[in-house]
Amino acid sequence: MRVLMIAPPGAGKGTQGALIAAHFNIPHIATGELLRDHVARGTALGQAVQAYLDRGELVPDQVVLDMVREAMIAAKAAGGGYVLDGIPRNMAQARAAYKIGLELGMTADVALHLQADDAELTRRLLARAALEHRSDDTPEVIAQRLALYYEVTAPILAWYRDRGILVSVDAMRSAQEVGLEILVALETMRPYLEHGPTRDRLSQDLTSLGTAFGAAGSAASTSE
Ligand code: ADP
């Protein structure tokens, strides 16, 4: 299973990425975590990227792409599956990640899009700020990260839709409900991924299926 996740800050990429990784026994490659780890350890790379993280800006593409290439090579050795969390964040990264995937024979099977509206995202990030003290979970930096998401990240969704690998889920519900919907969707696709030709895959929009999974919440509609 090879999944990349595209979602605004606060939608639950980290939580759901960890769930997918555990369920399919594949590495969870989270660029934000890798970058924060460098900052915490005070490496040269960490010192170079800290200001970008603090301001809620994207670090230079080449920095994350080098990290991801290395992690993908390790993922290949570990069986070939992966869940990418935090990349791609713009069209250049999407193309570069695709090229790395082609080179290694492991392009993504699924682009998983988590949808939630700004009010809910901001509420979650501010709640997390009280617990975790991430330098970028302040109201100003949250607004900057959301704006950047709509400006440069959301537009790449169309590319995955055209490739026929986009799966959108409504992330306005509890982590358990969202996680269940994701695993059901991925398990449903699994036989096609293993046997079907890539070009026959269809994109699926599962955002309206909330009630089918027992959820009461309404579908988000503002994140694209
Ligand atoms: P969030 O999605 O909540 O913003 P992440 O942990 O994914 O959290 O990212 C935190 C920060 O790390 C981003 O604001 C950005 O500065 C940096 N970052 C993470 N991934 C990338 C990437 N692919 N390209 C550029 N910068 C990135």
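The values are calculated or read from the model by the stated rules, or taken from the named source; none is laboratory data. Quick caveat: nothing in here was measured; it's all calculated off a predicted structure. Note that we place each Cβ from the backbone using ideal geometry, even for glycine, and neighbour counts take in every protein chain shown. Side chains included, ligands, DNA and RNA excluded: accessible areas come from the protein's heavy atoms. Shrake-Rupley method; radii C 1.70, N 1.55, O 1.52, S 1.80 Å.
A few points about this structure:
Here's the yes/no breakdown for (1) crowded, with 21+ Cβ neighbours inside 10 Å; (2) under 19 Å from A97 (Cβ atoms):
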position	(1), (2)
G12	yes, no
T15	no, no
G32	no, yes
G42	no, no
A71	no, yes
V83	yes, yes
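- So R55, is it among the charged types (D, E, K, R), under 24 Å from A119 (Cβ atoms) and open to solvent by 70 Å² or more (accessible area, probe 1.4 Å): yes
- Between V63, V169, V68, the distinction of being within 18 Å of P8 (Cα to Cα) and among the β-branched types (V, I, T) belongs to V169 only.
- Taken over region 48-107, the residue count meeting the criterion of being under 23 Å from E151 (Cβ atoms) and not hydrophobic (A, V, I, L, M, F, W, C) is 17.
- The condition (being within 16 Å of the chain's Cα centre (by Cα) and more than 15 Å from the ligand (Cβ to nearest atom)) is satisfied by just one residue among A74, A22: A22.
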